[in-house]
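This report concerns only the one structure given below.
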Amino acid sequence: MAAEIRTFTCLNDNFGYLIHDVETKATASIDAPEAGPIIKALEREGWQLTDILITHHHGDHVGGVAELKQKFNCRVVAPHDKTTKIANVDLRVANGDVVKVGTLLGRVLETPGHTLDHVSYVFDTEKTLFAADTLFSIGCGRVFEGTYPMMWDSLLKLRALPDDFKLYCGHEYTASNVKFALTVDPDNAALQARAAEVARLRAENKPTIPSLLGDEKRANVFLRADEPAVAARLHMKGADAAAVFGELRERKNKS
């Protein structure tokens with residue numbers, strides 16, 4: 001039986017996600033920005049929280065862990081880097097590890113750059129990627145702790161996943177990302193189509209997530225830093241892809 005996924009808003013622009021195993025009734029929250037909206041979503045569905053799968057240590061992704069742990073006695077899964085301050089951790093995971101949520105299998109990909117401890121969770125059977133703050137729709141996360149080559153390598157890991165996988169990211173930043181991307185890649189038909197779709201969804205107060213990875217590969221300029229046309233638009237013809245990516249990210253930072 002297929003997994004059920006619920007998407008809702010936490011804090012100002014964070015996404016909250018629940019993934020539910022219909023067979024065993026196990027339910028995981030991907031990160032825990034704040035407890036209240038997660039508890040409300042669980043109550044609405046009649047689900048019990050069994051797991052929290054943490055992607056990285058930033059406060060807007062772990063702020064609700066302690067309250068949820070106390071209320072549900074759920075298992076808290078976190079990146080293996082123990083130097084980061086994440087409380088109540090029961091299981092540490094690293095690249096290639098598999099986390100079971102009932103019968104659902106979440107494969108761990110280390111995707112550092114935004115933070116050094118960042119991981120993404122891939123549910124292959126469900127064709128689902130939870131990328132948190134590494135990859136956004138039409139964007140990517142700021143590089144706070146890593147380097148641009150490190151972040152580019154992480155994006156390549158995610159880009160290698162199949163086109164029909166759905167991307168679930170950490171924040172509703174898509175409209176802002178589209179605005180920036182059009183300054184770099186204005187003639188991209190896939191980006192133009194996504195821009196129109198995002199404008200419609202936001203006007204209807206609907207989330208822009210999930211998106212298909214195949215669409216992201218065509219429209220997200222941050223995933224295309226190794227394309228000569230992108231380098232040419234930045235006047236960086238022949239430059240290393242990681243350098244092109246770094247320039248894109250620097251421009252986005254200032255936009």
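GNM, the chain, Cα, under 10 Å: largest mean-square fluctuation among 72, 222, 136? Greatest mean-square fluctuation among the candidates belongs to 72. When the Cα positions of 208, 105, 42 are compared along the charge dipole of the chain, 208 comes out farthest toward the positive end, with charges on each C-beta of Lys, Arg, Asp and Glu.
Taking all pairs of different Cα atoms in the range 72-146, averaging 1/r and flipping that mean, what Kirkwood radius in angstroms comes out? Kirkwood radius, the range 72-146: 13.2 Å.
When DSSP beta bridges are restricted to pairs lying wholly in the chain, around 70% turn out antiparallel. For the range 195-210, backbone nitrogen atoms closer than 18 Å to the point 7 Å from residue 2 Cα along Cα-to-C-beta are found at 209-210. The distance between label points at residue 196 and residue 22 comes to 3.4 nm (points 7 Å beyond Cα on the Cα→Cβ vector). Relative contact order of the chain, taken over Cα pairs closer than 8 Å and 6 or more residues apart, is 13 percent. Only one residue of 74, 29, 222 has its Cα farthest out toward the positive end of the dipole of the chain, where Lys and Arg carry +1 and Asp and Glu -1 on Cβ, and that residue is 222.
Out of all Cα-Cα pairs in the range 3-254, roughly what percent, to the nearest whole number, are more than 31 Å apart? Tail of the P(r) past 31 Å holds 22 percent of the pairs.
The residue among 168, 59, 191 whose Cα reaches farthest toward the positive pole of the charge dipole of the chain, with charges on the beta-carbon of Lys, Arg, Asp and Glu, is 191.
Label separation (residue 163 vs residue 206): 2.3 nm, computed from points 7 Å beyond Cα along the C-beta direction.
Angle, helix 174-184 long axis vs. longest principal axis of the chain, Cα atoms, 0 to 90°, nearest 10? With both axes taken from Cα atoms, the answer is about 20 degrees. Between residue 40 and residue 227, the modelled labels are 3.9 nm apart [label points 7 Å from Cα along Cα→Cβ].
Take 119-132, 21-34 and order them by the average number of nearby Cβ atoms within 10 Å per residue, most first; the result is 119-132, 21-34.
Would you kindly state how much longer the chain becomes between residue 95 and residue 182 on full extension, computed as 0.36 nm times their sequence separation minus their alpha carbon distance, in nm to one decimal?
My answer for the length gained is 27.9 nm.
One way to sum up the overall shape of the range 190-255 is the equivalent ellipsoid from its Cα gyration tensor, whose semi-axes run 26, 13, 10 Å, largest first.
If the only charges are +1 at each Lys and Arg Cβ and -1 at each Asp and Glu Cβ, what is the size of the charge dipole of the chain around the Cα centre, to the nearest 20 debye?
340
For the range 120-159, the square roots a ≥ b ≥ c of the C-alpha gyration tensor eigenvalues yield an a/c of 1.5 or more together with a/b exceeding b/c, which makes the shape prolate.
Listed values for the range 8-25 are Karplus-derived 3J(HN,Hα) couplings in whole Hz (6.51 cos²θ - 1.76 cosθ + 1.60, θ = phi - 60°), namely 7, 9, 10, 6, 8, 9, 6, 8, x, 9, 10, 10, 10, 8, 4, 5, 9, 6, and x replaces Gly and Pro.
Readers should treat all values here as calculations from the given coordinates under stated rules, not as data from a laboratory. Since this is a predicted model, take the numbers as computed values, not measurements. A quick note on method: Cβ atoms are made from the backbone with ideal geometry, for glycine too, and the neighbour counts reach across all protein chains shown.
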